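The values are calculated or read from the model by the stated rules, or taken from the named source; none is laboratory data. Just so it is clear, the model here is predicted, and its values are computed rather than measured. Here the Cβ positions follow ideal geometry from the backbone for every residue, glycine too, while neighbour counts run over all protein chains shown.
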Amino acid sequence: MPSLAAVRTAAAHKPRLEPNERPKKVERTTLARIARYGRPYARHAAGAVGLILGASLLNLAPPLLIKRIVDRAIPEADVRQLLVLCALMVAGPLVAGVLGVGQRYLSSLIGERMMFDLRVDLFKQLQKQPMGYFASTRPGEPLSRVLNDVQGVGQTVSKTLTEVVQNAIVLLSTAVAIVWLDWRLALVSLCMLPLFIAPTRRVGKKRKALKRKAQERMGELTGMLSETLSISGVLLLKTFGTAKRERKRLEAKSRELMELSLEQTLVGRWFQMLLGLFETLGPAMVFAVGGYLVIEGHAALGTLVAFVTLLRRLYPPASALAGVHVDLVTSYAYFDRVFSVLDLEPAIRDLPGARKLESVEGDVRFEGVSFAYGEQPTLADVDLHVKPGQTIALVGPSGAGKSTVSALLARLYEPTKGRVLLDGQDIRGLKLKSLRSQIGVVTQETYLFHGTLLENLRYGRPDATDEEVVAAARAAQIHDFISQLPGGYQTVVGERGTRLSGGERQRVAIARAVLKNPRILILDEATSALDSQNEALVQKALQPLLRGRTCLVIAHRLSTVREADQIAVLEKGRVVERGTFDELLTQGGLFAALYHEQFRELRAA
């Protein structure tokens, strides 16, 4: 596997995907893609629409009942009719409220399930991206998209889209009712509706731009917090005394986010003020015209009262639809950010007709392999051959391309020229999962999850039995240490395994690799960060892991590769020497120079 430095080098030469960057290839329009995610829940959506329709019709009843009370029940002194009508005025909204609860549940269910589907798809897509993508993307940005942006999508579906349907049904049903009551007053009322539409486009574009910026800043803030509040970040902060500086960084980013949020709020309030003005203007005009008609005897008082009551169900939905349109345009920022990741083409994937590895001997061959990170060549015409069960050590100055060789073998990158063969098969013709299942890795930067020792050991083989786990731990010289812990194998290791020492973490990583039982093993600077005592323990733990496996050992300390079957010395991406330890020392070339330099440094220390 490539070292962190190698990944960063790759990232430096890869185009960066900015948070608001749209991919060149877009499958469908945004709305069509939203509909695709909602299609499995069409029955739930139909049920929600039915409940909205039922509730809307029931809520039309009170104004019509008021008209009958004013025009019939009271003038005729019909107490029985009055009581029945009053009871119906209570019953209608009560039943409508129950239907509303059911509708809200179905809408929330659709939103939550779509969030679940999107979050899983987004996570799967991110898993397919090359390592360079994560190195070139701001820390916290993928996290922000999976959590914050998907949450915004869910809220849009469960709330905003529901409000569109609900208010549209209320608006249409109310329009029909007022036309039936009095077409003259209806004409006056409906002439006001275009006013609600006029400002929505401009306000929507403004709020969408603000929302997109806010989501970008949220991603930056999430990244900063994930860095500075991690164990490594806190340790760095404390040892360098940079708490005040980091606090100022947080304040600056939080202030920028706050200002964007306030600007969104201000734009929204001005918009709501305009809509409120239009809502007030309509009833005033209806009272003026309707009052005149009643005074002149051209309309009944009950009709005017019912009409004005119905206006409370005409203008608020129109106002809400205008606001929802703005919210929907604003929420496109969420969809853009989510779909921009879903549209990324995986750089490394199974080719058509890729074969599954059934059994592996472990014969590894590089034939004329060249590779470049962007425009920067890293490997040039590399030829290597490792027979099954042999160990090859890759040594050389920093940046010579050693880690790139291991990355190409695991097919984390594709060679720009040449082939990498496993048992005579080009690895590009093999299924990725089956290829990587045969490769075990132990690196200098050992990563342990915040879980128990048992969970970390079983990471590569979740179905391993307790006996197999213990056997792997014994082989890695870590079982005795684990047995002495109060929690044993159930001991929580902390973030990145910080409750363990460097040597203990390395031996856990070795046990994890032993349990996976791969045919090919990559040791990338596995002992370079350890002191001599821990290095001796880890070297001893490695012996059973190396036995019978094809091994690529990337080493900085040249004394650790003495037992390798062959050593390849790389310089500027080329193999400049190869042979056994003793042969290379005798040749007096680059290997000998590096070895003697390290020996002098050790003696000086």
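Below are the figures for this structure:
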read-out: In segment 402-440, the residues that are among the hydrophobic types (A, V, I, L, M, F, W, C), in a strand (DSSP E or B) and under 11 Å from Arg365 (Cα atoms); value: Val420, Leu421, Leu422
read-out: Residue in segment 398-405 that is surrounded by fewer than 22 Cβ atoms within 10 Å (Cβ to Cβ) and either within 30 Å of Leu379 (Cα to Cα) or not assigned by TED's automatic domain parsing to the domain that holds Asp524 (or both) present; value: yes
read-out: Qualifying residue in segment 290-304 (condition: in the same structural domain as Ile169 (by TED's automatic domain parsing) and under 30 Å from Leu126 (Cβ atoms)); value: no
read-out: Filter pass, Gly399 being within 21 Å of Arg549 (Cα to Cα) and in a loop (DSSP other than H, G, I, E, B); value: no
read-out: Subset of segment 561-585 [surrounded by fewer than 21 Cβ atoms within 10 Å (Cβ to Cβ) and outside any loop (DSSP other than H, G, I, E, B)]; value: Gln566, Glu571, Arg574, Val576, Glu577, Arg578, Gly579, Phe581, Asp582, Glu583, Leu585
read-out: Residues satisfying the stated conditions in segment 464-498, i.e. within 31 Å of the chain's Cα centre (by Cα) and modelled with pLDDT of 85 or more; value: Ala464, Gln490, Thr491, Val492, Val493
read-out: Sole residue being within 21 Å of the chain's Cα centre (by Cα) and of a type in the set (Val, Ile, Thr), chosen from Ile34, Ile52; value: Ile34
read-out: Segment 345-377: number of residues that are in contact with a strand residue (DSSP E or B) (Cβ under 8 Å, 6 or more places away or on another chain) and either under 13 Å from Tyr413 (Cα atoms) or of a type outside the set (Val, Ile, Thr) (or both); value: 15
read-out: Residue within segment 167-180 that is outside the structural domain of Ser403 (by TED's automatic domain parsing), of a type in the set (A, V, I, L, M), surrounded by 21 or more Cβ atoms within 10 Å (Cβ to Cβ) and over 30 Å from Tyr41 (Cβ atoms) present; value: yes
read-out: Yes/no for Pro462 being buried (at least 16 other Cβ atoms within 10 Å of the Cβ) and not acidic (Asp, Glu); value: no
read-out: Among the candidates Gly389, Gly362, Gly353, residue that is in a loop (DSSP other than H, G, I, E, B), more than 28 Å from the chain's Cα centre (by Cα) and closer than 23 Å to Gln127 by Cα; value: Gly353
read-out: Counted residues, segment 441-462 - those being in a loop (DSSP other than H, G, I, E, B) and closer than 14 Å to Val514 by Cα; value: 5
read-out: Qualifying residue in segment 331-338 (condition: modelled with pLDDT of 75 or more, buried (at least 21 other Cβ atoms within 10 Å of the Cβ) and among the aliphatic types (A, V, I, L, M)); value: yes
read-out: In segment 118-145, the residues that are aliphatic (A, V, I, L, M) and either modelled with pLDDT under 85 or closer than 25 Å to Pro415 by Cβ (or both); value: Leu126, Met131, Ala135, Leu143
read-out: Candidates Gly92, Gly111, Gly97, filtered to the one that is assigned by TED's automatic domain parsing to the domain that holds Glu141 and in contact with a Leu (Cβ under 8 Å, 6 or more places away or on another chain); value: Gly92
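This table checks each residue for (1) at pLDDT 75 or above; (2) touching a helix residue (DSSP H, G or I) at 6+ places or on another chain (Cβ under 9 Å); (3) outside the structural domain of Glu216 (by TED's automatic domain parsing); (4) surrounded by 12 or more Cβ atoms within 10 Å (Cβ to Cβ).
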position: His13; (1), (2), (3), (4): no, yes, yes, yes
position: Lys24; (1), (2), (3), (4): no, no, no, no
position: Glu27; (1), (2), (3), (4): no, yes, no, no
position: Ala35; (1), (2), (3), (4): yes, no, no, yes
position: Val49; (1), (2), (3), (4): yes, yes, no, yes
position: Leu53; (1), (2), (3), (4): yes, yes, no, yes
position: Leu58; (1), (2), (3), (4): yes, yes, no, yes
